[in-house]
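Contents: one structure, followed by commentary.
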Amino acid sequence: SCSSSNLRSLKLAKCSQVSDTGLIEALVKLPFLEELEVSYFSFLRESTKVVCESSPSLKTLKLNRVADRRPGNKSDDDALAIAQTMHGLHNLQLFGNTLKDAGLNAILDSCPNLEHLDLRQCFNVNIVGDLEKRCSERIKVLR
């Protein structure tokens, strides 16, 4: 028999009917989850930390948002939540995230196994100089 508690991969895209609380309650019941994709989800930035804390054993996290180019919209909240809780990540996709260089540095500092990093449409990150060197030394696939 198959039990949902043995689930290893969960993908949620455009799930407007799933609340932050519902997602978090589900994640707590999935101790073997290794891959989580949450894309174009109407979830609050504050919930990212709780989601990360609920799934510390993830190897792959895809947290995709609609890219936001508004000038004042820069936040490392998602990146810091990931850096504080998800030290075992191998693959990270933050499509359309508002993280800045400091957030990326925090992820690089805290996720030593990270090999694949997708930062497409992350318009506040400028991967040049030391940050470019760190990524090229550590990350096998950078998009």
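May I ask which of Lys62/Lys100; Lys14/Lys59; Lys11/Lys100 have a Cα-Cα span longer than 24 Å here?
Pairs exceeding the cut-off: Lys11/Lys100.
Between Asn126 and Ala26, what is 0.36 nm times their sequence separation minus the Cα-Cα distance? Round to one decimal in nm.
32.5 nm
What does the charge dipole of the chain about its Cα centre add up to, to the nearest 20 debye, if the Cβ of each Lys and Arg holds +1 and the Cβ of each Asp and Glu holds -1?
380
Tell me the label only: which of (i) 52, 32, 21; (ii) 77, 35, 29; (iii) 46, 38, 28 is Cα extents along the principal axes in Å as calculated from this structure?
(i)
Amide H to amide H under 5 Å from Lys62: which residues, 5+ apart in sequence or cross-chain, H placed 1.01 Å off N in plane?
Leu36, Glu37, Val38, Gln93
What is the chain's relative contact order, in percent, from Cα pairs under 8 angstrom and six or more apart in sequence?
This gives 19 percent for the chain.
Say the dipole of the chain comes from +1 at the beta carbon of Lys and Arg and -1 at that of Asp and Glu; which of Pro31, Asn126, Ala102 then lies farthest toward its positive end?
Asn126
For Glu53 and Lys14, what does the FRET efficiency come to when R0 = 30 Å and r is the distance between their Cβ atoms, rounded to the nearest 0.05?
For R0 = 30 Å, the calculated efficiency reads 0.80.
What does the charge count near Asn64 come to, summing +1 for each Lys or Arg and -1 for each Asp or Glu among other residues with Cβ under 12 Å from its Cβ?
+2
Tell me the per residue accessible area of region 85-136 using a 1.4 Å probe; a whole number in Å² is fine.
On a per-residue basis, region 85-136 sits at 42 Å².
Carbon and sulfur atoms: what percent of the 1.4 Å accessible area of the chain do they account for?
Percent of accessible area from carbon and sulfur atoms in the chain: 51.
The values are calculated or read from the model by the stated rules, or taken from the named source; none is laboratory data. Everything numeric in this text was worked out from a predicted model, so none of it was measured. Quick reminder, even Gly has a Cβ in these numbers, built from the backbone with ideal geometry, and neighbours come from all protein chains shown. Quick note on the areas: whole protein, heavy atoms, side chains included, nothing else; ligands and nucleic acids left out. Shrake-Rupley method; radii C 1.70, N 1.55, O 1.52, S 1.80 Å.
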